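Only one structure is covered here, and it is reproduced in the block below.
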């Protein structure tokens, strides 16, 4: 599976839980945001990681990668979030044969 397929799977996962898919693969000078989803009062910027094994998932995300996502979010949040929305950065980890591992509010500087 490639990145786009993983992002489509992640979009389906969020949609099945009542989230509206707002955008995907949003590129900024500071990095890329894989997925943006919303519910009333909250906008989530999601980082999606696909790995071939559960062990590899444990190393898929780290503080440096999350910091890049956070910088990208800061650059575009005003374009996607409503003025009073809560904003958070989630991580969704995917691997074959495993349920998605969702880490809500993964970035807390």
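The numbers here are math on the coordinates, done by the rules we state, and not lab data. Note that the coordinates shown come from a computational prediction; the quantities given were computed from them, not determined experimentally. All Cβ positions, even for glycine, are placed from backbone atoms using ideal geometry, and neighbour counts span all protein chains on display.
For the modelled label position 7 Å from the Cα of residue 22 along Cα-to-Cβ, which residues of region 42-60 have backbone nitrogen atoms closer than 11 Å?
Zone members listed by number: 42-46.
Taking 10 °C and 1.306 mPa s as the conditions, I'd like the Stokes-Einstein D for region 3-103 in µm²/s, using the Kirkwood hydrodynamic radius from alpha carbon pairs.
On the way: Rh = 13.7 Å.
Value of D from the Cα-based Kirkwood radius: 116 µm²/s.
Nearest 5 is fine: what % of DSSP beta bridges in the chain come out antiparallel, could you say? Don't skip to the end; give the middle numbers.
On the way: 15 of 24 bridges.
Counting DSSP beta bridges with both partners in the chain, the antiparallel share is about 60 percent.
Could you give the length gained by full extension between residue 42 and residue 58, i.e. 0.36 nm per residue of separation minus their alpha carbon distance, to one decimal place?
On the way: separation 16, 0.36 × 16 = 5.76 nm, distance 2.73 nm.
That pair, residue 42 and residue 58, stretches by 3.0 nm at full extension.
If a/c stays under 1.5 just call it rounded; otherwise compare a/b with b/c (prolate if a/b is bigger, oblate if not). Do that for region 52-109, with a ≥ b ≥ c from the square roots of the Cα gyration tensor eigenvalues.
Prolate.
What list do you get for 48, 26 if you sort them by fewest beta carbons within 10 Å?
On the way: 48 24, 26 19.
Least to most surrounded, the residues fall as 26, 48.
For region 1-57, what does the alpha-carbon gyration tensor say about shape, rounded, prolate or oblate, given a ≥ b ≥ c as the root eigenvalues, a/c under 1.5 as rounded, and a/b over b/c as prolate? Kindly include the intermediate steps, with their values, before the conclusion.
Details: a/c = 2.11, a/b = 1.31, b/c = 1.60.
It comes out oblate by the Cα gyration axes.
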